[in-house]
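The values are calculated or read from the model by the stated rules, or taken from the named source; none is laboratory data. Treat the numbers as computed from the prediction; the structure is a model and nothing was measured. Neighbour counts are summed over all protein chains in view; Cβ atoms, including those assigned to glycine, are modelled from backbone coordinates with ideal geometry. With ligands, DNA and RNA removed, areas are computed over all heavy atoms of the protein, side chains included. Shrake-Rupley method; radii C 1.70, N 1.55, O 1.52, S 1.80 Å.
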Amino acid sequence: MVGLFRRSAAPSSSDAWLVVGLGNPGPGYAGNRHNVGAMVLDELASRVGAKLSRHRTATMLAEARLRPGGPRLVLARPLSYMNTSGGPVSSAASYFSIAPERVIVVHDDLDLPFETIKLKADGGHGGQNGVRDIIKALGTPEFTRVRVGIGRPPGRQDAADYVLGDFPSPERARLPFVLSDAADAIELIIDEGLLAAQQKVHAPRA
C-alpha cells in the first residue's frame, strides 16, 4: 500500500527504513549488471504498490509500508551516477530523519557468483564505489548492505566494462528469481532483523 508522498519537510521518522537501490541513471544503463541494486528496488516497489517520483533529495523516491499497518519504508534510487551515490543517500536519510543503522543499500558485487545474495552490516566497501561514497557521506559504515552477486568478468575483460554490460541471455532468464530473492531478503531484514535474515539467506539451498 502506497504511503502519502511528502512534499514538505518530514517529521522525525525513526521508525522508518530507508532502502536504496544503487545504479546509474538513464535508460542506457537500465539493464547493466551495475544496476542490479536499482532492479531489486523496483521489484520491492512493485510489491508494495509504490511509484518512485523525483524528490528534492536528488533521488527517485516513494514512501510506502511493507504491508498495510506494517513497517514504514522510504524507497530511493539516487539520480546521481554510482560513484557519487553518497550525497543523495545522505540527503534522503537526513530529510526523513533515518539513522544509518536503518539504512539498507542494495548493490552489485563482483566477488559473489551470479545468483548469490549476501547480507552484511558495517565493514568496508569491498571496492564498490557507490558503497565507498555512501560510507564517506554518512560518516559511518554502519548500514546494512544487500550484496547481489554478478560474478567476475571472464578472461581478461576489464571489470568496468563488465559491470557496465547487460546480463547475457542465460542470466537474464534467471534474473527475475534473483531480484525476487533479494527483495525477500530485504523484507526479512526489516521483519526479523539482520542476524535472522542472514541465517535464512546464507543457508545452503536444498
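List the residue pairs whose Cβ atoms are under 6 Å apart, where the first residue sits in region 166-182 and is under 15 Å from VAL106 (Cα atoms), the second is open to solvent by less than 40 Å² (accessible area, probe 1.4 Å) and assigned to a helix (DSSP H, G or I), and the two are 6 or more positions apart or on different chains.
What qualifies is LEU179/MET39; LEU179/VAL40; ALA182/VAL40.
Taking the condition of being touching a residue at least 24 places away in the same chain (Cβ under 8 Å) and over 30 Å from PRO154 (Cβ atoms), how many residues in region 95-134 meet it?
Residues meeting the conditions: 11.
Can you tell me which residue within region 43-67, out of those that are touching a residue at least 40 places away in the same chain (Cβ under 8 Å) and part of a helix (DSSP H, G or I), is surrounded by the fewest Cβ atoms within 10 Å (Cβ to Cβ)?
This residue is ARG47.
Kindly provide the set of residues from region 16-38 that are open to solvent by less than 30 Å² (accessible area, probe 1.4 Å) and of a type in the set (A, V, I, L, M), ordered by number.
ALA16, LEU18, VAL19, VAL20, LEU22, VAL36, ALA38
Could you check VAL105 against (1) farther than 23 Å from LEU44 by Cα; (2) surrounded by 20 or more Cβ atoms within 10 Å (Cβ to Cβ) and say which number it fails?
It is condition (1) that VAL105 fails.
Consider region 134-159. How many of its residues are open to solvent by less than 50 Å² (accessible area, probe 1.4 Å) and in a helix (DSSP H, G or I)? Full working, then the answer.
In the first step, residues of region 134-159 are kept if they are open to solvent by less than 50 Å² (accessible area, probe 1.4 Å); the result is 134-135, 137-138, 140-141, 143-146, 148-151, 153, 159.
Still in the list and also in a helix (DSSP H, G or I): 134-135, 137-138, 159.
Total meeting the criteria: 5.
Out of region 25-37, which residues are touching a residue at least 60 places away in the same chain (Cβ under 8 Å) and either part of a helix (DSSP H, G or I) or among the polar types (S, T, N, Q) (or both)?
Kept after step one, since they are touching a residue at least 60 places away in the same chain (Cβ under 8 Å), are these residues of region 25-37: 29, 31-37.
TYR29, ASN32, ARG33, HIS34, ASN35, VAL36, GLY37, listed by residue number.
Just name the residue that is farthest from ALA121 (Cα to Cα) out of those in region 166-202 that are outside any helix (DSSP H, G or I) and open to solvent by 20 Å² or more (accessible area, probe 1.4 Å).
Here is the first cut: in region 166-202, the residues outside any helix (DSSP H, G or I) are 166-168, 193, 202.
When the remaining residues are screened for being open to solvent by 20 Å² or more (accessible area, probe 1.4 Å), the result is 166, 168, 193, 202.
Working: ASP166: 28, PRO168: 30, GLY193: 11, HIS202: 14 Å.
Ranking the candidates gives PRO168 first.
How many residues are acidic (Asp, Glu) and either open to solvent by 40 Å² or more (accessible area, probe 1.4 Å) or within 18 Å of GLY87 (Cβ to Cβ) (or both) when one looks only at region 108-133?
First pass over region 108-133, keeping only residues acidic (Asp, Glu): 108-109, 111, 115, 122, 133.
Then keep just the ones that are either open to solvent by 40 Å² or more (accessible area, probe 1.4 Å) or within 18 Å of GLY87 (Cβ to Cβ) (or both); that gives 111, 115, 122, 133.
Residues meeting the conditions: 4.
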